[in-house]
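The values are calculated or read from the model by the stated rules, or taken from the named source; none is laboratory data. Keep in mind that this is a model prediction, so the values were computed, not measured. Positions of Cβ are backbone-derived with ideal geometry, glycine not excepted, and every protein chain shown enters the neighbour counts.
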Amino acid sequence: MQTDSFVLLSLKSLTALTCRKVVAVFLSLISFALSPAVMAEQTETINQASAVIESPQANGISLSSVQLLNNMQDAVLSQNYQISFINTENGKLTDAFKFRHIIVDDKPLAQLLYLDGPAKEILLRNNIVSYFQLDNESFSLNSSRIIEAFPDVVFNNFNTLANYYDFFPLGKARAANRSCQLVRIVSKDKDRYSYIIWIDDKTFLPLRVDLFDMNNALLEQFKVVELESIEDPADFENYVTKTPYPVLLAAEDVKPESDTWELTTLPAGFKELSYSSLNFQQETISSKLFSDGVFSFTINVSNSAGDNKNHAILRGSRTIYNTHSNDKDIVIIGNLPLETIQQIAKNIVIITH
């Protein structure tokens, strides 16, 4: 899950919820963005995926599709390259970027520049990501990659995902004036959105990632408009390594003294990555993050604020659903269909002591 971006975009869609709920969700998502468990999970997934490039055919799934996807994530992590790309949501341009990535002494150095709006730059070095921005304070986080640079689906062990997803080769096309191979990713349970990934024939880098809803309507798109190699990375290396770090933010996972709720059934492939218990205005907000490596959701539980109506907000791939159980407010945020989020809500059991 692209947690930092997910936090900011989700907050813009929370206007239908009460002020306390907005702050509750914000605090819980920020804690996940800084969570050591989430960062460790990302690093472990990347390492596992890098180790399976020569793996044999898995579960009868076409080796060519799985191999192509594994080669893609390996290319993103190991090559020197520069891309200019745009993101769209429901057909509307949201952001334009330039991303540079090199490997020095087996370690990545990277830069992401926002091309529109207030000047903003993100740098990666020594497993620390630094955010430089004019309209807010600059800061750093512990992370192995710049999460805004590619959709999370790129960073996976696709042999493992074959237990929960089907991969379909769709032939060849062109993107960014380059020849590509297309692979569609669909969940076996048909309870999640689907992807089509356009993979460059020469470099194996992803040149386009389309996210479709349950009716095959395009929700979001990552699209490269220019791809270049970085032949002489010395100047870029010097710039990234010499730039001073802003303040490093850190957080620890805090386990609640006693669980006040539990999720009895998870969608196939999902697991709990992190949890936190936050105190705000003398109330406790219990939050947990779940992911299958491709899609994610958070559950946030607090005492009822008095409004017992259910609310649902849909924006692009993000669903925000507010419901109630045993005098508790439950807010679920995830890049999943509303029907799947509602089913998850039905499986939440409030524990009374």
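Counting only strands (runs of 3 or more DSSP E) that fall entirely inside the range 181-236 and contain at least 3 residues that are closer than 22 Å to residue 110 by Cα, the qualifying elements are 206-212, 218-229.
In the range 162-184 there is no residue that is buried (at least 21 other Cβ atoms within 10 Å of the Cβ) and under 17 Å from the mean Cα position of the chain (by Cα). Filtering 316, 293 for residues that are surrounded by 22 or more Cβ atoms within 10 Å (Cβ to Cβ), in contact (Cβ under 8 Å) with a residue 24 or more places away in the chain and in contact with an Asp or Glu (Cβ under 8 Å, 6 or more places away or on another chain) leaves a single hit, 293. Counting the residues of the range 254-299 that are at pLDDT 90 or above and among the polar types (S, T, N, Q) gives 5.
Being of a type in the set (S, T, N, Q) and within 25 Å of residue 227 (Cβ to Cβ) is the filter here, so list the residues in the range 131-155 that pass it. Hits for the range 131-155 are 143, 144. Going through (1) in contact with a Lys or Arg (Cβ under 7 Å, 6 or more places away or on another chain); (2) at pLDDT 95 or above one by one, residue 164 falls short only on (2). Evaluate the following for residue 150: is it in a strand (DSSP E or B) and aromatic (Phe, Trp, Tyr)? No. Select from the range 89-129 the residues that are in contact with a helix residue (DSSP H, G or I) (Cβ under 8 Å, 6 or more places away or on another chain) and basic (Lys, Arg) and list them in ascending order. If the condition is that a residue be in contact with a helix residue (DSSP H, G or I) (Cβ under 8 Å, 6 or more places away or on another chain) and basic (Lys, Arg), then 100, 125 are the ones that fit.
Restricting the range 81-106 to residues that are modelled with pLDDT of 95 or more and of a type in the set (D, E, K, R) leaves a set whose member that is surrounded by the most Cβ atoms within 10 Å (Cβ to Cβ) is 100. Taking the condition in contact with a Leu (Cβ under 9 Å, 6 or more places away or on another chain) and either crowded, with 18+ Cβ neighbours inside 10 Å or within 20 Å of residue 208 (Cα to Cα) (or both), does residue 150 pass? Judged against the criteria, residue 150 is not a match.
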